[in-house]
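S.K.: Take a look at this one; I'll ask things after.
Read the figures in this text as sums done on the coordinates, not as results from a lab. Just so we're clear, the structure is a prediction, and the values are computed from it rather than from any experiment. Here the Cβ positions follow ideal geometry from the backbone for every residue, glycine too, while neighbour counts run over all protein chains shown.
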Amino acid sequence: MPLGRPKLELDEEQLLNLARIQCTYEEMAAVMNCSIDTLRDNYSHVIHKGREQGKMSLRRELWKLVQRGNLGACIWMSKNYLGMSDKAELNTTNTVIVEQTKQMVELPTEQLIEIAKEEIKKLEPPSE
């Protein structure tokens with residue numbers, strides 16, 4: 001005569017679907033009306049499979065966005081799969097420029113035009 005309760009049989013397809021959308025063990029246990037231990041002890045292989053399928057599906061949809069030129073998706077994929085990153089390196093020159101820019105934003109348009117003209121003159125080669 002076996003000891004303990006009979007093994008709880010859960011709907012593995014429903015559990016697979018919950019795992020595909022990356023539900024937590026707590027969420028799956030609540031929906032399936034069982035304990036987290038039951039899921040971990042008896043259904044971890046189903047949950048693992050569902051989570052991997054969900055990640056693959058998400059990656060596929062993200063890749064479709066990249067192929068359609070979605071800038072956000074391109075940036076995310078570049079950072080996560082190509083190792084690219086946003087690196088802002090500031091030095092004292094950059095800090096001075098930022099402060100000057102903040103001050104210039106408050107100036108009237110006419111004054112900004114005059115400043116721009118003066119700066120352009122500085123870039124021109126000296127007259128002979």
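S.K.: Using a 7 Å offset from the Cα along the Cα-to-Cβ direction at both R40 and L65, what is the distance between the two label points in nm, to one decimal?
M.R.: So the label points at R40 and L65 sit 3.3 nm apart.
S.K.: Also, I was wondering about something else. How do Y81, Y25, Y43 rank when sorted from fewest to most other Cβ atoms within 10 Å of their own Cβ? Numbers along the way, then the final one.
M.R.: Numbers: Y81 11, Y25 18, Y43 21.
In increasing order of surrounding Cβ atoms, one gets Y81, Y25, Y43.
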